[in-house]
Amino acid sequence: MEKIQVQGVHHITLVGATRQGSIDFWEGVLGMPFIFEQPNLDNPDESHLYFDPGDGRLITVFTNESRAVDPRSNSEDVGHVHHLAFSVSRATFVQIPARLEARGVPHTGAIDRGFMDSIYFRDPLGQRIELAAYKFEPPAGCTHAQVLLEAHSLRTTRGDHHIAEVHVADAIERLSARTRTTLSTDTEPKKAYVLPVEEA
């Protein structure tokens, strides 16, 4: 028996309310271009809107003008979606609280997750949304997931509670050593300052 090997998230589809309400949130708040629309091929009473979240993949929404907006929090029972997380730059991340507050949207404020920072809020239909900014860039040729796998290994070996910045920094050093070559035979850390240096 073989695995069915996936190669990434193809798209996520949500049940929306009205067409314009969906466009106003996904494009007008989160900046995802509205790239095309067609009928829901499984339900002729619905439209199917497609948005680009920024990585070339898709967020899609089924809309129906007869559905009312219901802002109550979505269920968090077993089998339900807890939240959707989207990546933002550090420059954008620090602007999020003010931009949500300008719209009257409650939010958690920045939460330190060790290897990333997060802010949570609800969309107009009650789905929890997370906007997250990594605290690091992976070495060339590596992914964020590879760095986090290595950081997890370091964390568990050291008996630490969760991944922190030190684990990420050390993981990046390890991955860099594996993926980049050097003429040096001794690559151990060094004290390169023989004489005291002046303050910066």
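Some points to look at:
- Proxy reagent accessibility, fewest Cβ within 10 Å first, across T108, T157: T157, T108
- Backbone amide hydrogens, once placed in the peptide plane, bring M116 within less than 5 Å of K135, excluding anything fewer than 5 places away on its chain.
- Amide H to amide H distances under 5 Å link F86 with E130, L131, A132, where only residues 5 or more positions off or on other chains count and H is placed in the peptide plane.
- Whether the stretch 1-99 is rounded, prolate or oblate, judged on the alpha carbon gyration tensor where a/c under 1.5 counts as rounded: rounded
- Sequence of T143, T182 once ranked by neighbouring C-beta atoms within 10 Å, starting from the fewest: T182, T143
- D by Stokes-Einstein for the stretch 83-135, Kirkwood Rh over Cα pairs, 25 °C, 0.890 mPa s: 221 µm²/s.
- With contacts taken as Cα pairs under 8 Å and at least 6 residues apart, the stretch 12-70 reaches a relative contact order of 43 percent.
- The longest stretch of the chain left intact once loop-based GluC sites (Glu not before Pro) with at most 13 other Cβ atoms within 10 Å are removed from consideration, loops following DSSP, is 77-197.
- In terms of overall dimensions, the C-alpha atoms belonging to the stretch 123-197 reach 61, 29, 29 Å along their principal axes, ordered largest to smallest.
- Database remark: amide H of E27 closer than 5 angstrom to the amide H of M32 (H placed geometrically; neighbours at sequence offset of 5 or more, or on other chains; Pro and chain starts carry no H).
- Cα Rg, Dmax (largest Cα-Cα span) when computed across the chain, Å: 22.2, 77
- Neighbour counting of Cβ atoms within 10 Å sorts the residues M1, M116, fewest neighbours leading, into M1, M116.
- Considering helices alone, the calculated mean residue ellipticity of the chain at 222 nm is -7000 deg cm²/dmol, with DSSP H runs of length four and up weighted by -39500 (n - 2.57) and normalised per residue.
- For the stretch 12-70, the fraction of alpha-carbon pairs in successive 5 Å shells from zero, as %: 4, 21, 32, 25, 13, 4, 0
Laboratory data are not the source of any read-out in this text; all were calculated from the coordinates shown. Predicted model, so just to flag it, every value in this text is computed and none were measured. Ideal geometry is used to build each Cβ from the backbone, glycine not excepted, and the neighbour counts take in all protein chains shown.
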